[in-house]
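Participant: Structure in structure tokens, see below.
The values are calculated or read from the model by the stated rules, or taken from the named source; none is laboratory data. Please read these numbers as outputs of a predicted model, since none were measured by experiment. Reconstructed Cβ throughout: ideal geometry from the backbone, glycine too, with neighbour counts over all protein chains shown. Side chains included, ligands, DNA and RNA excluded: accessible areas come from the protein's heavy atoms. Shrake-Rupley method; radii C 1.70, N 1.55, O 1.52, S 1.80 Å.
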Number of protein chains: 2
Amino acid sequence: MHNDLAAALDIGGTKIAGALIDARGDILVRAQRPTPAREDGETVMAAVSAVLGELAADPRWERATALGIGSAGPVDASAGTVSPVNVPGWRDFPLVDRVRAAAGDRPVVLVGDGVAMTAAEHWQGAARGRANALCMVVSTGVGGGLVLGGRLHPGPTGNAGHIGHISVDLDGDPCPCGSRGCVERIASGPNIARRALDSGWRPGPDGDTTAAAVARAARAGDPAAVASFARAGQALAAGIAATATLVEIEVAVIGGGVAGAGEVLFAPLRRALRDYATLSFVAGLEVVPAQTGTDAGLVGAAAAAQALAGGPVPAAPPASSR
Amino acid sequence: MHNDLAAALDIGGTKIAGALIDARGDILVRAQRPTPAREDGETVMAAVSAVLGELAADPRWERATALGIGSAGPVDASAGTVSPVNVPGWRDFPLVDRVRAAAGDRPVVLVGDGVAMTAAEHWQGAARGRANALCMVVSTGVGGGLVLGGRLHPGPTGNAGHIGHISVDLDGDPCPCGSRGCVERIASGPNIARRALDSGWRPGPDGDTTAAAVARAARAGDPAAVASFARAGQALAAGIAATATLVEIEVAVIGGGVAGAGEVLFAPLRRALRDYATLSFVAGLEVVPAQTGTDAGLVGAAAAAQALAGGPVPAAPPASSR
């Protein structure tokens, strides 16, 4: 039985990836198309179908027991629809129904991409063996997901753990989501870069104004760059502490491009966490880097499929009926 | 079997209450002692033993299948200890072990008082039939608890849902907990009164400077009183929206003395919630007043005992082994 596979789709604003993944988390077959993000919804769906067709052409497709989809959000797992911010042709698009034809009688599980990354970290990464964890992606945006009581906690619509859009500064700057002072508004890569530029940091001769360039400047001691990462770390710490205070997590796992800045981000974040995570039951909270890499979306979609649909992948809870 | 009972203890800074409660949530037997909060730990324990002794003297004690304890926090359900802020004689006090002698072979379940109130609201009150809910007490402090996936979610130490100490203002005023800008620091009764006084509100001839007096002034149109309740509502809204964004709740239930202010609090809170709860999956969130009253602590301790220990109370999940 441990030879059984999961099929996985990872749907983002730039690419649509698919895979067949075994019970160890190894990717056996891959397929990928660019996301035609500016086209109409049917054109985007055609790219998904092409990816699924390529997977289904492989003889090992027959061994796949479930299909997991991790998608850029918002998603609505209860309705089976997706509305990715960067794919305007899909608004409440019935992705689960449209995929069922290819899936046959396999269960189809839809979760947000933050939840998928969390499933990957829980199965294969830094949250392995942890009963209660927050996993985050800090990149162009800030997303996340939760493990509670040893299980993935996607919430009814597959969006739980959306830490990027909790307000940690109720009078703060307006966020594109409509709220104010959201963690993402302070800690995402573009906001780290914007704040450094506003405070006097200047890019080098290559003109690189990404958060990665700010991180290099911070490592070299540029005060505006250091301060911008410190502020991001403070906002992340407040959000992580809020999560721990609300649901009792033991570890926060942080991945994504901005996390690649390393200690420039993690050191002020851990310092700030001591300021915000003060109650006895959250004081032991750890913050660690993510371990899964660029395939986290695919591996996580497979893990979510098995965890939520029931199936043979070792991390899964006891199988439930379809 | 529906005649089986639960025993309950509600331990606060001013009183220690006990009861035998039937499967409908009716209190059949009561016992109570003042909390000797300034005395040593053994003196406080003697008051607990007196309450339990009075319950055990009733012939219906034999029908109690579990003992639930809701205690002022912090608690540590994993260790069976309590450290109530207002009972300095109890620090990591092994309450569960000390109570076992009286409990016999009944399972003993310990939760924080916010979790107990949540269990009561889920069983008998405004969260009944809700799969995902936050229940809060806004009073001298701000506490709470969570229902997730149809079940009470106490967390490993029994403190989950502690919304009073999440920071919604990361640069805000220092909170006695050591953090800054906590919901409680802005929205508790004493902080509502302090802010109104600082802004020019003056009490009437009776000299009453409680939040209830500020609420009366707000209803009469006093601008400082109105503004102080609006600020409290804003902080509560930011905290409730954060909770919904993190764990996908459908309803927030608010009880406690300050909630008794009614629309003076609820109206600005609901307005502010529209500003902070912006994502599609949280936009439908409701805010409603609590329905359980002064016995919520006892009823909730009984409900938590049955829900977490397994037992015959209707709201409980399937029985598990002791």
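Participant: With a bin width of 5 angstrom, please list the P(r) values of the range A:58-122 as percents of all Cα-Cα pairs, from the 0 bin to the one holding the largest distance.
Facilitator: Reading the bins upward from 0: 4, 17, 25, 22, 18, 11, 3, 0.
Participant: How many percent of DSSP beta bridges within the range B:131-267 run antiparallel, rounded to 5?
Facilitator: Working: 10 of 15 bridges.
Counting DSSP beta bridges with both partners in the range B:131-267, the antiparallel share is about 65 percent.
Participant: I want to check the label-to-label distance for residue A:78 and residue B:197. Put each point 7 Å from Cα in the C-beta direction and report it in nm to one decimal.
Facilitator: Computed distance between label sites residue A:78 and residue B:197 equals 4.5 nm.
Participant: Taking the Cα centre as origin and putting +1 on Lys and Arg beta-carbons and -1 on Asp and Glu beta-carbons, what dipole magnitude results for the range A:126-289, to the nearest 20 debye? Present the calculation step by step, with values, prior to reporting the outcome.
Facilitator: Details: 14 positive and 13 negative charges, 39 e Å.
Charge dipole, the range A:126-289, about its Cα centre: 180 debye, nearest 20.
Participant: I would also like to ask the following. Other chains' Cβ within 10 Å of A:266-275 residues: what's the mean?
Facilitator: On the way: counts 0, 0, 0, 0, 0, 0, 1, 0, 2, 6.
Averaged over the peptide's residues, the number is 1.
Participant: Residue A:199 label points, 7 Å along Cα→Cβ, one per copy: pairwise distances from this copy to the rest in nm, shortest first?
Facilitator: For residue A:199, the inter-copy label distances come out at 3.2 nm.
Participant: Once you've got the GNM for chain A with C-alpha springs shorter than 10 Å, pick whichever of A:65, A:243, A:278 has the biggest mean-square fluctuation.
Facilitator: Ranking A:65, A:243, A:278 by mean-square fluctuation puts A:278 first.
Participant: How shielded is B:247-254 by partner chains, expressed as the average number of their Cβ atoms within 10 Å of its Cβ atoms?
Facilitator: Values: counts 11, 12, 3, 1, 0, 0, 0, 0.
Average neighbour count from other chains, rounded to a whole number: 3.
Participant: Can you give the net charge of the other residues whose Cβ lies under 12 Å from the Cβ of residue A:133, counting K and R as +1 and D and E as -1?
Facilitator: Details: positive: A:128, A:130, A:151; negative: A:121, A:248, A:250, A:286.
Every neighbour counted, the sum reads -1.
Participant: In addition: For the pair residue A:271/residue A:14, report the inter-label distance in nm, with labels modelled 7 Å from Cα in the Cβ direction.
Facilitator: Placing both labels 7 Å along Cα→Cβ, they lie 3.2 nm apart.
Participant: Counting DSSP beta bridges with both partners in the range A:1-159, what percentage is antiparallel, nearest 5?
Facilitator: Details: 24 of 35 bridges.
In the range A:1-159, approximately 70 percent of DSSP beta bridges are antiparallel ones.
Participant: Kindly provide the helix-only [θ] at 222 nm of the protein assembly as shown, computed as the sum of -39,500 (n - 2.57) over DSSP H runs of four or more divided by all residues, to the nearest 500 deg cm²/dmol? Don't jump to the answer; show the numbers that get you there.
Facilitator: On the way: 18 runs with 228 residues, N = 644.
Taking each H run of at least 4 residues, the total per residue is -11000 deg cm²/dmol.
Participant: Provide the FRET efficiency to the nearest 0.05 for the residue B:63-residue B:32 pair, computing r from the beta carbons and using R0 = 30 Å. Could you put the intermediate results ahead of the total?
Facilitator: On the way: r = 21 Å, r/R0 = 0.70.
After rounding, the FRET efficiency stands at 0.90.
Participant: Still on this structure, please answer the following. Between copies, how far apart are the residue A:4 label points? List them in nm, one decimal, shortest first, with each point 7 Å from Cα toward Cβ, please?
Facilitator: Counterpart label points of residue A:4 in the remaining copies fall at 3.5 nm.
Participant: Follow-up. With unit charges on the beta carbons (Lys and Arg positive, Asp and Glu negative) and the dipole taken about the Cα centre of the range A:126-289, which residue among A:188, A:252, A:242 sits farthest to the positive side?
Facilitator: A:252
Participant: A further question follows. Give me the dipole magnitude in Debye, nearest 20, for the protein assembly as shown about the Cα centre, with unit charges on the beta carbon: positive for Lys and Arg, negative for Asp and Glu. Working shown, then result.
Facilitator: Working: 52 positive and 60 negative charges, 40 e Å.
Once rounded to the nearest 20, the dipole reads 200 debye.
Participant: Something else about it: I need the Kirkwood Rh of the range A:126-289: take the reciprocal of the average 1/r across all distinct C-alpha pairs and report it in angstrom. Working shown, then result.
Facilitator: Details: mean 1/r = 0.0631 Å⁻¹.
Averaging 1/r across every pair of different Cα atoms and inverting gives 15.9 Å.
Participant: As an exercise, find the ratio Rg/Rh for the range B:198-288 from alpha-carbon atoms, using the Kirkwood inverse-distance average for Rh. Mind showing how you got there, number by number?
Facilitator: Details: Rg = 14.5 Å, Rh = 13.8 Å.
Here the Rg-to-Rh quotient is 1.05.
Participant: Please tell me the relative contact order of the range A:1-43 in percent, rounded to the nearest whole number, where contacts are Cα pairs under 8 Å and at least six residues apart.
Facilitator: Details: 65 pairs, mean separation 13.8, N = 43.
RCO, the range A:1-43: 32 percent.
Participant: Additional query: I want to check the label-to-label distance for residue B:220 and residue A:291. Put each point 7 Å from Cα in the C-beta direction and report it in nm to one decimal.
Facilitator: Simple spin-label model gives 6.5 nm for this pair.
Participant: Top to bottom by accessible area (1.4 Å), largest first, where do A:81, A:294, B:210 land? Let's see the in-between values first.
Facilitator: Details: A:81 20, A:294 130, B:210 70 Å².
Order by accessible area, largest first: A:294, B:210, A:81.
Participant: Separate question: In cubic angstrom, how much convex hull volume per residue do the alpha carbon atoms of chain B span?
Facilitator: Working: hull volume 42.1 nm³, N = 322.
Hull volume over Cα atoms, normalised by residue count, gives 131 Å³.
Participant: Okay, next question. Sort B:78, A:49 by accessible area with a 1.4 Å probe, largest first.
Facilitator: Values: B:78 85, A:49 60 Å².
Final ranking, largest accessible area leading: B:78, A:49.
Participant: For the Cα atoms of chain A, what angle does the longest principal axis make with the long axis of helix A:263-276, in degrees from 0 to 90, nearest 10?
Facilitator: Tilt of helix A:263-276: around 80 degrees.
Participant: Follow-up question, since we're still on this one. Given the options A:89, A:145, A:256, which has the most mean-square fluctuation in a GNM of chain A, springs set between C-alpha atoms less than 10 angstrom apart?
Facilitator: Judging by the Gaussian network model, the answer is A:89.
Participant: Taking chain A as the reference, fit the longest principal axis to its C-alpha atoms, fit the long axis of helix A:41-56 to the helix C-alpha atoms, and give the angle between the two in degrees, 0 to 90, nearest 10.
Facilitator: 60
Participant: Can you tell me the relative contact order of the range A:126-289? Whole percent, Cα pairs under 8 Å, sequence separation 6 or more. Can you show the working numbers first?
Facilitator: Details: 314 pairs, mean separation 40.7, N = 164.
Taking the mean separation of contacting Cα pairs over the length of the range A:126-289, I get 25 percent.
Participant: Amide H to amide H under 5 Å from residue B:81: which residues, 5+ apart in sequence or cross-chain, H placed 1.01 Å off N in plane?
Facilitator: For residue B:81, whose amide H was placed from the backbone, the distant partners under 5 Å are B:76.
Participant: Based on Cβ point charges of +1 for Lys and Arg and -1 for Asp and Glu, what charge dipole magnitude is obtained for chain B about its Cα centre, in debye rounded to the nearest 20? Could you put the intermediate results ahead of the total?
Facilitator: Details: 26 positive and 30 negative charges, 68 e Å.
Here chain B has a charge dipole of around 320 debye.
Participant: Answer with one residue from B:102, A:59, A:279: the one whose Cα lies farthest towards the positive end of the charge dipole of the protein assembly as shown, charges on Cβ with Lys, Arg +1 and Asp, Glu -1.
Facilitator: A:279
Participant: Which whole-number percentage describes the relative contact order of chain B, with Cα contacts under 8 Å and a sequence gap of 6 or more? Write out the running numbers ahead of the final one.
Facilitator: Details: 765 pairs, mean separation 62.9, N = 322.
Contact order relative to length: 20 percent.
Participant: Using the alpha-carbon atoms, what tilt in degrees (0 to 90, nearest 10) does helix A:113-124 show relative to the longest principal axis of chain A?
Facilitator: So the helix axis and the longest Cα principal axis differ by about 80 degrees.
Participant: Averaged over its residues, how many other protein chain Cβ atoms are within 10 Å of peptide B:173-180's Cβ atoms?
Facilitator: Values: counts 0, 1, 2, 1, 4, 7, 10, 4.
Per-residue shielding by partner chains comes out at 4.
Participant: Counting Lys +1, Arg +1, Asp -1, Glu -1, what net charge surrounds residue A:272 among other residues with beta carbon under 12 Å of its beta carbon?
Facilitator: On the way: positive: A:231, A:270, A:271, A:274, B:180; negative: A:275, B:171.
So the environment of residue A:272 carries a net charge of +3.
Participant: Also: Share of antiparallel DSSP beta bridges in chain A, in percent to the nearest 5? Kindly include the intermediate steps, with their values, before the conclusion.
Facilitator: On the way: 26 of 46 bridges.
In chain A, DSSP labels about 55 percent of beta bridges as antiparallel.
Participant: May I pose another question? Measuring from a point 7 Å out along Cα→Cβ, what nm distances, shortest first, does residue B:284 have to its partners in the other copies?
Facilitator: 3.9
Participant: When a/c is below 1.5 the answer is rounded, else prolate if a/b is larger than b/c, else oblate, so apply that to the range B:67-167 with a ≥ b ≥ c taken from the square roots of the Cα gyration tensor eigenvalues.
Facilitator: Since a/c reaches 1.5 but b/c is at least a/b, the shape of the range B:67-167 is classed as oblate.
Participant: With a 10 Å cut-off between alpha carbons and a GNM built on chain A, which of A:45, A:136, A:117 moves the most?
Facilitator: Among A:45, A:136, A:117, the largest GNM mean-square fluctuation belongs to A:45.
Participant: Here is a follow-up. What number do you get for the protein assembly as shown when its Cα radius of gyration is normalised by 2.2 N^0.38 Å, N = residues?
Facilitator: Working: Rg = 25.7 Å, N = 644, 2.2 N^0.38 = 25.7 Å.
Expressed relative to 2.2 N^0.38 Å, the Cα Rg reads 1.00.
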